[in-house]
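The values are calculated or read from the model by the stated rules, or taken from the named source; none is laboratory data. This is a predicted model, so every value here is computed, not measured. Positions of Cβ are generated from backbone atoms using ideal geometry, with glycine treated the same way; all protein chains shown enter the neighbour counts.
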Ligand code: HEC
């Protein structure tokens, strides 16, 4: 019995050492472009799914008015489009350069129109750990969180006035010289 216990302890020590050696070997996936670690994707998805299923509130947002969707569209434009892009726009460079990628929420393959709005509400409110998805709990009001969740639930059938808000802003004219933007002040904040 004693030998058996010593065997188990030794195995655990060897495993722990192997993990430390691997982490220090400079081969571990740490860059956004690296392949995921074994089981990383499966474990992360399982954990997120279980948590969201137990905590996401249930609410029917199908009756949300155009005024509420407009608020959601403004929130999206200001806080989300940088990573998740807009309708009719090319993919976000920042969002698709992340690991995991930020889904392009107005592209048919990536839309979350099949998810209950409460699931989207939970993800926007709490964020998703170890990904680029921030928590907007302290930045947005409860109403704004629901309005943006309702917007994404209906991303494939939004009224035209809501789509108008989700248009790309006119690009800031590029400086003709190579002078850094800060030096000329031309590309500074416009709002
Ligand atoms: C800095 C980049 C960034 C910003 C800003 C951002 N997100 Fe995300 N978001 C991500 C990433 C990365 C993921 C993917 C997380 C994952 O794979 O689990 C994500 C995931 C999501 C998902 C889950 C999609 C799915 O398929 O389940 C939703 C919904 C979402 N974001 C909505 C929003 C909304 C709404 C906002 C603005 C209020 C926002 N995000 C702002 C990076 C961002």
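For this structure, a couple of remarks:
- Qualifying helices (runs of 4 or more DSSP H) (wholly inside the range 1-90; at least 1 residues being without any contact (Cβ under 8 Å) to a residue 40 or more places away in the chain and exposed (fewer than 12 other Cβ atoms within 10 Å of the Cβ)): 2-24, 40-55, 66-79
- Taking helices (runs of 4 or more DSSP H) as the structural unit, those lying wholly within the range 93-191 and holding at least 2 residues that are at pLDDT 95 or above and within 13 Å of the ligand (Cβ to nearest atom) correspond to 93-96, 117-126, 142-153.
- The range 81-92: number of residues that are farther than 21 Å from residue 36 by Cα, within 10 Å of the ligand (Cβ to nearest atom) and in contact with a helix residue (DSSP H, G or I) (Cβ under 7 Å, 6 or more places away or on another chain): 3
- Within this structure, residue 43 fails the test of being closer than 17 Å to residue 129 by Cα and near the ligand (Cβ under 10 Å from one of its atoms).
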